[in-house]
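Accompanying notes for the structure given below.
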Amino acid sequence: MTDPCEMTAEAMTEAFARRRLSPVEAARAALARIAARNDALNAFCRVEEETALEMARASERRYGEGRPLSAIDGVPTTIKGLSPVLGWPNRRGSHATDDTPCGEDSSSVASLRAAGAVFLGLTTTPEFGWKGLTDSPLTGITRNPWGLDRTPGGSSGGAAVAAACGMGILHQGSDGAGSVRIPAAFTGVFGIKAGFGRVPAYPASPFRTVSHIGPLTRCVRDAALMLNVIARPDPRDPTALPTEPGRDWRTGIEDGVRGLRIAYSRTLGGRARVHPDVAARVEAAARTLAAIGAEIDEVEPDLPDHADAMLVLWSTAAARLRRLLPRDRLDRIDPGLAAMMEIGAGFTLDDLYAADATRMALGRATGALHARYDALVTPAMPIPAFAAGQDLSEPGQRTWMDWSPFSYPFNMTGQPAASIPCGFAADGLPVGLQIVGPQHGETIVLRIARAYERAMPPVFPPPG
């Protein structure tokens, strides 16, 4: 029998149904992998062994009776440490919070619970998910399994590390400016930010207008399978898109790329300096897509300047968050977050409306691009993972968004976007290819990603 930690969710549930593996055995294997590796990696801020085994035993009974709740019933699953889970304290990576148990599940957690997923625990995140890295004064530094001195990115960094190391099969993440795709690229896993509203998001993130929910997994089909579950409706989120009954995001995923027109941008209109190793791997990925049938055109889209607008949107949300936190705990928050809050406090209402106007102009520009192309591919990150525990990749940068220019534009527009591993830099660190779809175009993103995955299967860190 294959090690359960190395299985796909689809293979695992088939093994459950055939009585070749039990949900309890799968949970114990995942918990053993966590126990062996988490001290070095800090992927989890909370491990719930007894809860996991209790949920696994309930799943085992359902399979024994021939009535599993869903296609992910019994699958070991992690929750990002920003999402409330009923009965669990959730500190959100912050000394400004306390250990009061949550009174309800978040939208995606409720859907995963109803589907019979087995919850292993909470994965680490920076404080309130404010940056594209994973470290905080409360939970410490999360490390990259490809190099313990390197960051895994963030803010869904714990989830990405857990996925890369087989510490669970399905991993819930969120993405406000790249927080699924950055760690997916830095750790060599697949992560997709579903389009805005595709996955209900209650309670709303402090960065709500640009925040999305999505899976991190080792393979594309598992992400689609997870999306089937977490995209279910939740009346608590009035911004959620309507759900098509019976929709299966795996439909069409094996159709390949023949006949698709894909735009390939090296620098997103000259806005990024790309490391030579990253540029080489992404160019090779574009050639692979062409070799398997896609029509690839190299373009540099004409996009309005949007970096300053994103800083306004992000920092004003942070400033609003500061007003909601206990005043007597503000001196214990991450200094970088405190600085971001201070930046946001300096902007005016006019600045916020101007930023929103830029956001709309950016959406029109990307809409025009997708009128000609089925998808856009770019580097997911312009650099390989850098040193853990620091916010900036090089001197002279203002904020962490300066080193992630390919990710946040598509939070501003709300389009679906994914990162899929496309090889390694010379130092052995993963490189990610970003695939961006048109509005409501998750199907195209998943289809291209799966075609590329078939052509270039991913490689993961050794389990030891």
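The values are calculated or read from the model by the stated rules, or taken from the named source; none is laboratory data. All values derive from a computational prediction rather than experimental measurement. Neighbour counts are summed over all protein chains in view; Cβ atoms, including those assigned to glycine, are modelled from backbone coordinates with ideal geometry.
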Residue match in the stretch 117-131 (condition: outside any loop (DSSP other than H, G, I, E, B), within 14 Å of the chain's Cα centre (by Cα) and under 27 Å from Pro421 (Cβ atoms)): yes
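For Ser174, state whether it is of a type in the set (S, T, N, Q) and modelled with pLDDT under 95. Show your work before the answer.
Numbers: of a type in the set (S, T, N, Q): yes; modelled with pLDDT under 95: no.
So Ser174 does not fit the description; no.
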Residue, farthest from the chain's Cα centre (by Cα), within the stretch 60-94, restricted to residues that are free of Cβ contacts under 8 Å to residues at least 60 places away in the same chain, part of a loop (DSSP other than H, G, I, E, B) and under 18 Å from Glu49 (Cα atoms): Gly87
Number of positions in the stretch 336-362 that are in a helix (DSSP H, G or I), surrounded by fewer than 20 Cβ atoms within 10 Å (Cβ to Cβ) and hydrophobic (A, V, I, L, M, F, W, C): 10
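Here's the yes/no breakdown for (1) of a type in the set (Val, Ile, Thr); (2) under 30 Å from Gly428 (Cβ atoms); (3) out of contact with any helix residue (DSSP H, G or I) (no Cβ under 8 Å at 6 or more places or on another chain):
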site: Leu260; (1), (2), (3): no, no, no
site: Ala294; (1), (2), (3): no, yes, no
site: Arg320; (1), (2), (3): no, no, no
site: Arg332; (1), (2), (3): no, no, yes
Number of the condition not met by Ala52 [criteria: (1) assigned to a loop (DSSP other than H, G, I, E, B); (2) of a type outside the set (Asp, Glu); (3) in contact with a helix residue (DSSP H, G or I) (Cβ under 7 Å, 6 or more places away or on another chain)]: (1)
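Would you call Ala449 within 30 Å of Asp305 (Cα to Cα) and at pLDDT 95 or above? So that I can check it myself, show each step before the final result.
On the way: within 30 Å of Asp305 (Cα to Cα): yes; at pLDDT 95 or above: yes.
It is true that Ala449 is within 30 Å of Asp305 (Cα to Cα) and at pLDDT 95 or above.
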Residue that is surrounded by the most Cβ atoms within 10 Å (Cβ to Cβ) [pool: residues in the stretch 444-460 that are assigned to a loop (DSSP other than H, G, I, E, B) and among the aliphatic types (A, V, I, L, M)]: Met456
Which numbered condition Gly367 misses (of (1) out of contact with any His (no Cβ under 9 Å at 6 or more places or on another chain); (2) surrounded by 24 or more Cβ atoms within 10 Å (Cβ to Cβ)): (2)
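Any idea which residue in the stretch 166-212 is surrounded by the most Cβ atoms within 10 Å (Cβ to Cβ), counting only those that are of a type in the set (Val, Ile, Thr) and under 21 Å from Leu225 (Cβ atoms)? Outline the logic, then answer.
Kept after step one, since they are of a type in the set (Val, Ile, Thr), are these residues of the stretch 166-212: 169, 180, 182, 187, 189, 192, 199, 209-210.
Retained after the next criterion (residues that are under 21 Å from Leu225 (Cβ atoms)): 169, 180, 187, 189, 192, 199.
Working: Ile169: 34, Val180: 36, Thr187: 33, Val189: 31, Ile192: 33, Val199: 27.
Ranking the qualifying residues of the stretch 166-212, first place goes to Val180.
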Scope the stretch 273-316; condition among the small types (Gly, Ala, Ser), buried (at least 19 other Cβ atoms within 10 Å of the Cβ) and assigned to a loop (DSSP other than H, G, I, E, B); matching residues: Ala294
Residues located in the stretch 212-237, provided they are part of a loop (DSSP other than H, G, I, E, B), in contact with a Pro (Cβ under 7 Å, 6 or more places away or on another chain) and under 17 Å from Asp175 (Cβ atoms): Asp237
